[in-house]
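Q: Pasting a structure here, questions to come.
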Amino acid sequence: MKALICTRPGQFDYVDKAEPTLNSGQSLIKIRRVGVCGTDLHAFEGTQPYFSYPRILGHEIAAEFVTSRDPSDFTEGEALTFIPYFHCGQCIACRTDRPNCCVNMQVCGVHIDGGMAEYLSVPSSSLLKGQGLALDTLALVEPLAIGAHGVRRAAIQNGEFVLVVGAGPIGLGTMAFARLSGGNVIALDLNEQRLQFCRNKLNIQHTLNAMDTKVLEKIRTITKGDMPTVVIDATGSQKAINHSFQYMAHGARYVLIGLQKGDITFSHPEFHKREGSLMSSRNATRQDFERVISVLKNNTINPGTFITHRTTFNRVGQEFSNWLNPENGVVKAMIEFH
């Protein structure tokens with residue numbers, strides 16, 4: 001089979017590999033779609049934490065079932081997606097029903113090889129039925145689940161002001177699920193094209209450019225002086241994460257979906273007097289994936305609006321670097337396999 005390997009930052013190589021072999025508890029799937037996410041882009045840049053080379057990228061996947069070593073509820077050719085965070089089932093996180101932050105986590109396409117190949121072997125327990133959803137839609141379930149999990153961590157109450165920092169794919173999904181939870185969303189980003197996308201595609205009423213010198217004043221005006229009671233970072237930018245503490249209302253929750261390599265720094269007195277809550281949000285759980293699939297089946301969110309760029313598997317090596325350029329307006333790039 002053909003696979004695309006990121007051999008080092010800035011370089012892809014197509015190689016021929018043997019098809020995966022199956023152990024007990026594993027299934028073989030045929031890749032049909034791979035969505036490109038920030039993790040993939042950062043890995044290509046060389047800025048992704050917890051990453052080593054060479055690596056086959058890709059964990060936002062739609063596929064078809066091929067076979068399994070064990071009896072299965074899936075039939076050959078059945079469309080599916082899967083949960084790409086392979087957990088040990090034995091550590092403290094797994095034992096307390098938090099497999100998304102397993103001590104021994106193996107994330108497909110990060111710690112182990114992912115979906116930019118014709119076939120992939122995955123734990124059968126990770127598979128999720130497609131339930132009639134289109135392949136493009138199934139490939140978007142995972143990034144939407146990331147946002148859904150962050151929103152669930154925030155425990156948003158109806159009518160709360162929710163500031164989402166970062167209008168990339170994860171941020172957009174976060175905004176969509178924050179609205180479904182009753183939040184009054186404010187979008188903050190540096191990229192005016194993405195803010196326009198928020199207005200036109202997601203109907204976000206309040207959008208602010210982070211370069212505006214009066215952002216703090218404008219947020220205070222929108223919230224009638226209160227400031228947001230929920231702040232969610234979806235940038236992974238150290239500067240943005242540190243800067244956003246100032247936007248918290250007294251009693252606010254600050255949820256970090258975005259990840260960066262450096263240290264978080266903030267004023268302890270300012271954070272303390274607000275009695276703020278700081279939380280990380282890692283990956284997502286089966287509960288989040290199932291909620292996303294349910295929402296997509298009900299057409300509550302239109303995932304097609306997220307896909308702005310498309311290419312075929314045999315052209316990824318030529319086009320991938322272009323998706324790093326903000327001027328190209330990439331929200332979500334989708335890779336098609338035939």
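The values are calculated or read from the model by the stated rules, or taken from the named source; none is laboratory data. Note that the coordinates shown come from a computational prediction; the quantities given were computed from them, not determined experimentally. Note that each Cβ is placed from the backbone with ideal geometry, even for glycine, and that neighbours are counted across all protein chains shown.
Q: Look at residue 110 and say whether it is in contact with a strand residue (DSSP E or B) (Cβ under 6 Å, 6 or more places away or on another chain) and crowded, with 19+ Cβ neighbours inside 10 Å.
A: Judged against the criteria, residue 110 is not a match.
Q: Can you spot a residue in segment 134-151 that is surrounded by fewer than 20 Cβ atoms within 10 Å (Cβ to Cβ), at positive phi and either part of a loop (DSSP other than H, G, I, E, B) or in contact with a Leu (Cβ under 7 Å, 6 or more places away or on another chain) (or both)?
A: no
Q: If we only count strands (runs of 3 or more DSSP E) wholly inside segment 171-287, which ones have 1 or more residues that are buried (at least 16 other Cβ atoms within 10 Å of the Cβ) and not small (Gly, Ala, Ser)?
A: It comes to 184-189, 206-209, 230-233, 253-256.
Q: Yes or no: segment 38-51 includes at least one residue that is part of a loop (DSSP other than H, G, I, E, B), farther than 24 Å from residue 145 by Cβ and within 22 Å of the chain's Cα centre (by Cα).
A: So far as segment 38-51 goes, yes, one or more of its residues are part of a loop (DSSP other than H, G, I, E, B), farther than 24 Å from residue 145 by Cβ and within 22 Å of the chain's Cα centre (by Cα).
Q: Output the residues belonging to segment 1-26 that are surrounded by fewer than 17 Cβ atoms within 10 Å (Cβ to Cβ) and closer than 14 Å to residue 55 by Cβ.
A: 7, 8, 9, 10, 11, 13, 15, 17
Q: Is it the case that residue 156 is assigned by TED's automatic domain parsing to the domain that holds residue 241, more than 21 Å from the chain's Cα centre (by Cα) and closer than 24 Å to residue 251 by Cα?
A: So residue 156 fails the test.
Q: For segment 36-65, enumerate the residues that are of a type in the set (Gly, Ala, Ser) and over 19 Å from residue 131 (Cα atoms).
A: 38, 43, 46, 52, 58
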